[in-house]
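The values are calculated or read from the model by the stated rules, or taken from the named source; none is laboratory data. Here the structure is a predicted model, which is why all the values come from computation and not from measurement. Counting neighbours? That spans all protein chains shown, and the Cβs are built from the backbone with ideal geometry, glycine included. Protein only, heavy atoms only, side chains kept; ligands, DNA and RNA dropped before computing areas. Shrake-Rupley method; radii C 1.70, N 1.55, O 1.52, S 1.80 Å.
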Amino acid sequence: MIIRLFFMGSRSLKRGFLKKCEEFGIGFVGFAPVERWEDPPRELPHKFSRWMPEEFYPRSIYPEVATVIVIGFPIQLPILETAPSIYYHELYKTVNSLLDLRAYELSVFLNEEGYPSIYLPRDGYATVEVLLEKPFAFFSHKHAAYLAGLGSFGLSNLLLTPEYGPRVRFTSIFTGASIDPDPLKVDDLCTRCLRCVRSCPVGAIQVKGEFPPPIDKKLCAMRSAELWSKHKSPCGICIKVCPVGEDRKLFDRMDMSIYDGEGPVEYRRAWDHVRRYGTL
Ligand code: B12
Ligand code: SF4
Ligand code: SF4
């Protein structure tokens, strides 16, 4: 392996990195300077009621980091609609593997360009049982995606993107290179429709004035554990029912009543069919 001893400038490094992402078919890429964790936005697109403790900042995890690069892959809505099912379970695993693999490869690409860089796993916990004891991972990708300009938070406590709403999974790369940052998204994408709140089967999303509302991680993790024991985790209902995202137009899913037991019977037949097979 050759590690270059001359460095590309910030602009050409960004161009080279984006080209690599294009080759890998990565649709979501954002660049956030680490200072944004230390001085989180107070106004746009909304003020956070609570920010994370300093030990979760990039520099606390890798002191050499100058830029956090976030990548993301979409979740295809018609597959998510079958959840809980083996189909969504498999899609979740596929996207997770891709995120880990691509982030690792991209960090090696940066190393070969002469910049110390490391990838992060897309999740960072061993099992759902561990989460019941210790509900946090060591780094938050949705906050990283927010600070890298990829979207805004919703009442579901998830990051909403203009393209796929909350139906995007993310991971991050820490690099020592200082790369031109992307601007934050200034639009507040959440419509406050409360669909995520009302549809949660265990009432884990509690809107009590804080933004984003702190969800009851234990209730949500317990549902995930139950579905896991039947091989059909994760739950994902809150991301299924969110009306935000251009993907709704692509898949012709603008009519939200299809999730209220109305709409074409073909959909319900298809979802029931998939749910009947491959899991307990
Ligand atoms: C643990 C975890 C869970 C747990 C707990 C849920 C939760 N909301 O944290 C369970 C299993 C229940 C879960 C469920 C889901 N998850 Co999840 N989950 C994670 C994971 C692995 C870590 C989150 C974390 O701990 N971050 C670190 C802490 C610091 O962040 P935080 O909890 O948000 O902290 C805030 C507050 O708690 C506050 N705070 C206030 N006081 C204190 C005190 C302390 C000590 C701390 C630490 C923080 C804190 O500070 C922070 C700023 O507001 C991330 C992957 C990752 N590593 O980022 C995915 C992730 C958040 N999950 C994701 C998804 C999609 C889901 C599900 C939809 C399931 C699914 N895949 O279908 C549901 C949605 C639930 C929901 N509405 O939030 C995506 C979100 C993508 C997006 N577009 O936003 C992520 C980013 C995975 C990924 N790689 O893409 N998840
Ligand atoms: S993943 Fe399911 S249980 Fe968890 S908050 Fe979303 S709808 Fe509720
Ligand atoms: S479902 Fe509605 S309230 Fe929930 S995050 Fe999406 S737009 Fe916001």
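Any chance you could count how many residues in the stretch 114-129 are closer than 23 Å to D216 by Cβ, open to solvent by 60 Å² or more (accessible area, probe 1.4 Å) and outside any loop (DSSP other than H, G, I, E, B)?
Total meeting the criteria: 1.
Restricting the stretch 196-226 to residues that are within 19 Å of the chain's Cα centre (by Cα) and open to solvent by 40 Å² or more (accessible area, probe 1.4 Å), which is nearest to I258 (Cα to Cα)?
Going through the stretch 196-226, the residues within 19 Å of the chain's Cα centre (by Cα) turn out to be 196-197, 200, 204-205, 211-217, 220-221, 224.
Narrowing further to those that are open to solvent by 40 Å² or more (accessible area, probe 1.4 Å): 214-217, 220.
Values: P214: 28, I215: 26, D216: 27, K217: 28, C220: 24 Å.
Top of the filtered list is C220.
In the stretch 1-25, how many are open to solvent by less than 90 Å² (accessible area, probe 1.4 Å), at pLDDT 95 or above and either farther than 27 Å from S140 by Cβ or touching a helix residue (DSSP H, G or I) at 6+ places or on another chain (Cβ under 6 Å) (or both)?
Number of matching residues: 3.
Determine which member of the set K232, K240 is more than 11 Å from ligand 2 (Cβ to nearest atom), crowded, with 19+ Cβ neighbours inside 10 Å and not aliphatic (A, V, I, L, M). If you could, list the steps in order and put the result at the bottom.
Numbers: K240 fails: more than 11 Å from ligand 2 (Cβ to nearest atom).
The match here is K232.
Is it fair to say Y119 is touching a strand residue (DSSP E or B) at 6+ places or on another chain (Cβ under 7 Å), hydroxyl-bearing (S, T, Y), over 18 Å from G236 (Cα atoms) and more than 12 Å from ligand 1 (Cβ to nearest atom)? Give the steps one after another, and end with the answer.
On the way: touching a strand residue (DSSP E or B) at 6+ places or on another chain (Cβ under 7 Å): yes; hydroxyl-bearing (S, T, Y): yes; over 18 Å from G236 (Cα atoms): yes; more than 12 Å from ligand 1 (Cβ to nearest atom): yes.
So Y119 fits the description; yes.
Pairs only if they're at least six apart or on different chains, beta carbon under 7 angstrom, first in the stretch 161-172 and acidic (D, E), second open to solvent by 10 Å² or more (accessible area, probe 1.4 Å); list them, first residue then second.
Final answer for the pair search is E163/G245; E163/E246.
Give me a count of the residues in the stretch 130-139 that are closer than 18 Å to M52 by Cα and open to solvent by 90 Å² or more (accessible area, probe 1.4 Å). Can you show your working first?
From the stretch 130-139, those closer than 18 Å to M52 by Cα are 131, 134-139; that's our starting set.
If we keep only those that are open to solvent by 90 Å² or more (accessible area, probe 1.4 Å) too, we end up with 134, 136, 138.
So the count comes out to 3.
Mind telling me which of the residues L160, L147 ends up being farther than 17 Å from P234 by Cα and more than 16 Å from ligand 2 (Cβ to nearest atom)? Spell out the reasoning first.
Values: L160 fails: more than 16 Å from ligand 2 (Cβ to nearest atom).
Going through L160, L147 in turn, just one is farther than 17 Å from P234 by Cα and more than 16 Å from ligand 2 (Cβ to nearest atom): L147.
Output the residues belonging to the stretch 244-280 that are open to solvent by less than 70 Å² (accessible area, probe 1.4 Å) and within 24 Å of the chain's Cα centre (by Cα). First the steps, then the outcome.
At the first step, the residues of the stretch 244-280 found to be open to solvent by less than 70 Å² (accessible area, probe 1.4 Å) are 244-245, 247-248, 251, 253, 256-259, 261, 263-265, 267, 270-271, 274, 278-279.
Of everything in the stretch 244-280, those that are open to solvent by less than 70 Å² (accessible area, probe 1.4 Å) and within 24 Å of the chain's Cα centre (by Cα) turn out to be V244, G245, D247, R248, F251, R253, M256, Y259.
Identify, please: which residue in the stretch 161-191 is at pLDDT 95 or above and farther than 26 Å from E105 by Cα and is, among those, surrounded by the most Cβ atoms within 10 Å (Cβ to Cβ)?
Among them, the one singled out is G165.
Looking at the structure I just gave you, is S107 away from ligand 1 (no atom under 12 Å from the Cβ), closer than 25 Å to D39 by Cα and more than 15 Å from the chain's Cα centre (by Cα)? Write out each step before concluding.
Numbers: away from ligand 1 (no atom under 12 Å from the Cβ): yes; closer than 25 Å to D39 by Cα: no; more than 15 Å from the chain's Cα centre (by Cα): yes.
For S107, the condition - away from ligand 1 (no atom under 12 Å from the Cβ), closer than 25 Å to D39 by Cα and more than 15 Å from the chain's Cα centre (by Cα) - is not met.
Residues that are without any contact (Cβ under 8 Å) to a residue 24 or more places away in the chain, within 10 Å of ligand 3 (Cβ to nearest atom) and farther than 18 Å from R275 by Cα, at least 1 per element: which helices (runs of 4 or more DSSP H) completely within the stretch 185-249 meet that?
Values: elements: 195-199, 217-229, 237-240.
Filter on the stretch 185-249 gives 195-199.
Quick check on this structure: which one of L227, L219, L250 is near ligand 2 (Cβ under 8 Å from one of its atoms) and either modelled with pLDDT under 95 or aliphatic (A, V, I, L, M) (or both)? Break it down stepwise before answering.
Working: L227 fails: near ligand 2 (Cβ under 8 Å from one of its atoms); L250 fails: near ligand 2 (Cβ under 8 Å from one of its atoms).
Step by step, each of L227, L219, L250 is checked, and only L219 is near ligand 2 (Cβ under 8 Å from one of its atoms) and either modelled with pLDDT under 95 or aliphatic (A, V, I, L, M) (or both).
Taking the stretch 140-160, which residues are part of a loop (DSSP other than H, G, I, E, B), open to solvent by 20 Å² or more (accessible area, probe 1.4 Å) and either within 15 Å of ligand 3 (Cβ to nearest atom) or of a type in the set (A, V, I, L, M, F, W, C) (or both)? It would help to see each step written out before you state the result.
From the stretch 140-160, those part of a loop (DSSP other than H, G, I, E, B) are 140, 148-151, 154-158; that's our starting set.
Okay, now just the ones that are also open to solvent by 20 Å² or more (accessible area, probe 1.4 Å), so 140, 157-158.
Across the stretch 140-160, the qualifying residues are N157, L158.
Note down all Cβ pairs under 7 Å where the first residue falls in the stretch 253-280 and is in a loop (DSSP other than H, G, I, E, B), the second is among the charged types (D, E, K, R) and surrounded by 14 or more Cβ atoms within 10 Å (Cβ to Cβ), and they're at least six residues apart or on different chains.
Partner pairs satisfying both residue conditions: M254/R248; T279/K232.
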